[in-house]
Amino acid sequence: MKKKNILPQLLLTFIKIGLFTFGGGYAMISVIENICVEKKKWITHEDMVNVTVIAESTPGPIAINCATFVGYKQAGVPGSIAATFGIVLPSFIVITLISMFFDNFLEIRIVADAFKGIKVGVAVLIIDVAFKMIKKMKKDTLSLILMAGSLCIMLAVNIFSVKFSSISLLIIAAVISLIVFAVREGRAKL
């Protein structure tokens, strides 16, 4: 596909994703994967898993980082600009409109009820992403132990209202993985 033809597609695709997906980046991952991996085949599932992990550990919203990556893979810097602009534009417009009327916005019963329903939908989308990633991840003992341990720790943190950053948990898991990798590489060289 030629670079010129892909830019409008990237822009419009990510405008749709940004416009019709509620709940932030984690909720958008499932939609981005469905459209960019399964329907349009712009990236592979392995690319999606990798970009999700990288986007999680880099500054900025995860959905924007994913959109930037997909755009870059398709059309370089112009593609990354088109995809990023597309995913940001709907949120920017909606937030601007809400901020103009915010004092009265949440008092409208239908809006309050809509947000309750949106919370449930967002939870389902996030759970969907988690199950897809778990199903397709490389299942070795270390990955399973880190996943189960992280899940248990985060459940305990939430249940007992302990102040513990999920970023700290990511860093701990990364350090453990790097240590295990270094030990395995050391053994392989012997």
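None of the figures in this text is laboratory data; all of them are computed from the coordinates on show. It should be emphasised that the depicted structure is a prediction, and the values quoted were computed from it without experimental measurement. Here Cβ is always computed from backbone atoms with ideal geometry, including for glycine, and neighbour counts include all displayed protein chains.
Remarks
- Qualifying trypsin sites (Lys or Arg not before Pro) for the range 9-44 [loop in DSSP, other Cβ within 10 Å: at most 16]: LYS40, LYS41
- Counting only Cα atoms, the size of the chain along its three principal axes is 64, 51, 25 Å, in decreasing order.
- Measuring against 27 Å, Cα to Cα, the residue pairs LYS39/LYS138; LYS139/LYS163; LYS41/LYS116; LYS16/LYS73; LYS39/LYS116 contain LYS139/LYS163; LYS41/LYS116; LYS39/LYS116 as the ones spanning a longer distance.
- Helix content alone sets the calculated 222 nm mean residue ellipticity of the chain: runs of n ≥ 4 DSSP H residues at -39500 (n - 2.57) each, divided across all residues, give -27500 deg cm²/dmol.
- Farthest positive-ward along the range 138-190 dipole, Cα basis, beta-carbon charges - from LEU178, SER161, ILE145: LEU178
- According to the Cα-based calculation, Rg over Rh for the range 138-190 is 1.11, with Rh computed by the Kirkwood formula.
- In summary, the helical segments of the chain meeting the span-like criteria, namely a full DSSP H run, a Cα extent along the axis of 24 angstrom or more and a mean Kyte-Doolittle hydropathy of at least 1.6, are 141-159.
- In a simple Cβ point-charge model (Lys, Arg +1; Asp, Glu -1; nothing else charged), the range 24-171 has a dipole of about 320 debye relative to its Cα centre.
- Cα centre as origin, Lys/Arg/Asp/Glu Cβ charges: the range 138-190 dipole, Debye: 140
- Annotation: the residues THR96, THR68, THR44, sorted from fewest to most other C-beta atoms within 10 Å of their own C-beta, follow the order THR96, THR44, THR68.
- Selection of chymotrypsin sites (Phe, Trp or Tyr not before Pro), the range 149-190, meeting DSSP coil and at most 15 other Cβ within 10 Å: PHE160, PHE164
- Reported to the nearest whole Å, the Cα centre-to-centre distance from the range 135-190 to the range 88-113 is 38.
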